[in-house]
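Handing you a structure now.
The values are calculated or read from the model by the stated rules, or taken from the named source; none is laboratory data. In this text, all values refer to a predicted model and were calculated from it rather than measured experimentally. Cβ placement follows ideal geometry from the backbone for every residue including glycine, while neighbour counts extend to all protein chains displayed.
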Amino acid sequence: MYKIIYLLAALLPMVASANTIFINASIYTVNKNKPWVKAVVIDNKKINYVGTTKKALTYKLKNTKIIDLKGQFMMPGIIDAHTHIAIAALLLNQGIAIQNKGKSQILQQIAQYAKEHPEEDVVSGFGFYPLALGTNGPTVEQLDAILPNKKVFFISNNGHSAWVNTKTLHYLGLSSSTKDPLSGIHYYMRDTNGSLTGFLVEGEALWPHFKKMNIATPKRFYKSLKSFLPTLSRLKKMLF
C-alpha cells in the first residue's frame with residue numbers, strides 16, 4: 001500500500017511556484033530558438049519559466065510578487081568578463097593615486113609625493129586623466145618642471161596610456177627617431193616638430209616600458225594581490 005502511494009506521489013507533477021513573476025514585457029532571451037517572450041518566472045533565484053504572460057501567471061501563489069513591466073525591455077544580466085585583477089591590484093597599490101582636480105593640482109600632488117618619498121628610484125602612480133593635462137594629453141615639460149632628475153612613470157585612469165618625463169624617455173631609449181609599435185593605434189605622441197611629448201598611447205607603446213621600469217616585480221605583485229583580494233571580496237558582498 002505504502003509503495004503504491006510513494007509511486008503515485010513521484011508521478012505527480014511538481015507544484016508550480018514563484019517568488020516573482022515579470023509580465024507584459026519585451027524580454028530578449030538570447031536563445032535563438034525562442035529569442036523573444038513576454039514573461040519570466042523566478043523562484044528562489046532560479047528561472048522557472050520564460051514564455052507567455054498567461055502561462056507565467058499559473059505559477060502565482062499567495063505571496064508571489066507580480067511585476068507588470070508594461071512593454072519595457074528586459075534581458076539576462078551582462079557579466080563583465082573584461083577584468084584585470086592582477087594589474088588593478090598593482091596599480092592601486094603603487095605610488096600616487098592621482099586626484100584629477102585640474103592640471104596644477106595634479107602636478108602639485110606629484111611634486112609633494114616625490115618630496116615625501118626621496119628613497120624611491122622611480123616616482124610612479126595611477127589614475128591621471130589625460131585631457132586634464134591638455135587637449136593632446138600630458139607633456140614631458142610638465143613633469144620636467146617638477147621632477148627633472150627622477151625617472152617617472154604614470155599610468156592613466158583607463159590603463160591605456162602613460163606619462164613620462166625626459167629622463168625616463170632617455171632611460172627607455174625613446175627618441176623622435178623611434179618608430180611607433182603600430183602607427184595610429186599603439187604609438188608615441190609627438191608634437192608638430194616630431195618630438196616625443198612623453199605621452200605613450202596603448203599597450204605596445206606602454207607595457208613593455210612599464211616592465212623595464214621594474215615597477216611590476218613578482219614580489220610587488222604578490223604584496224598587491226594579498227591586500228587587494230580582500231577588497232574584491234568585500235565588494236562582492238556589497239554588490240550581491
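What's the number of the condition Y187 fails, among (1) over 24 Å from Q109 (Cα atoms); (2) in a loop (DSSP other than H, G, I, E, B)?
The single condition Y187 does not satisfy is (2).
Something else now. Which residue, of A111, A39, A56, is within 30 Å of Y171 (Cβ to Cβ) and among the hydrophobic types (A, V, I, L, M, F, W, C)?
Just a single option satisfies the conditions, and that option is A111.
Taking the stretch 137-191 on its own, how many of its residues are within 28 Å of K115 (Cβ to Cβ), of a type in the set (K, R) and free of Cβ contacts under 8 Å to residues at least 12 places away in the same chain?
0
So that you can scan it fast, the table gives a plain yes or no per residue for (1) in the same structural domain as A25 (by TED's automatic domain parsing); (2) among the small types (G, A, S):
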{"position": "T58", "(1), (2)": "yes, no"}
{"position": "K65", "(1), (2)": "yes, no"}
{"position": "D68", "(1), (2)": "yes, no"}
{"position": "G95", "(1), (2)": "no, yes"}
{"position": "N100", "(1), (2)": "no, no"}
{"position": "I106", "(1), (2)": "no, no"}
{"position": "S124", "(1), (2)": "no, yes"}
{"position": "L131", "(1), (2)": "no, no"}
{"position": "Q142", "(1), (2)": "no, no"}
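Name every residue in the stretch 184-227 that is farther than 21 Å from V123 by Cα and aromatic (F, W, Y), in order of residue number.
Within the stretch 184-227, just Y187 meets the criteria.
Given the options Q72, Q94, Q105, Q99, name the one that is under 20 Å from S161 (Cβ atoms) and touching a Ser or Thr at 6+ places or on another chain (Cβ under 9 Å). So that I can check it myself, show each step before the final result.
Values: Q72 fails: under 20 Å from S161 (Cβ atoms); Q105 fails: touching a Ser or Thr at 6+ places or on another chain (Cβ under 9 Å); Q99 fails: touching a Ser or Thr at 6+ places or on another chain (Cβ under 9 Å).
None of the other options fit; the residue is Q94.
Taking the criterion of being in the same structural domain as W163 (by TED's automatic domain parsing), under 20 Å from D144 (Cα atoms) and loosely packed, with under 11 Cβ neighbours inside 10 Å, would at least one residue in the stretch 194-210 satisfy it?
We begin by selecting, within the stretch 194-210, every residue in the same structural domain as W163 (by TED's automatic domain parsing); these are 194-210.
From what's left, under 20 Å from D144 (Cα atoms): 194-201, 206, 209-210.
Subset that is loosely packed, with under 11 Cβ neighbours inside 10 Å: 194.
Yes, some residue in the stretch 194-210 is in the same structural domain as W163 (by TED's automatic domain parsing), under 20 Å from D144 (Cα atoms) and loosely packed, with under 11 Cβ neighbours inside 10 Å.
Filter the stretch 19-56 for residues that are of a type in the set (V, I, T) and in contact (Cβ under 8 Å) with a residue 40 or more places away in the chain; which is nearest to D68 (Cα to Cα)?
Checking each candidate, the answer is I23.
Filtering the stretch 14-67 down to residues that are among the basic types (K, R) and over 31 Å from the mean Cα position of the chain (by Cα), which residue is modelled with the lowest pLDDT?
Only one residue fits best here, namely K62.
Please count how many residues of the stretch 98-114 are in contact (Cβ under 8 Å) with a residue 40 or more places away in the chain and touching a helix residue (DSSP H, G or I) at 6+ places or on another chain (Cβ under 7 Å).
So the count comes out to 2.
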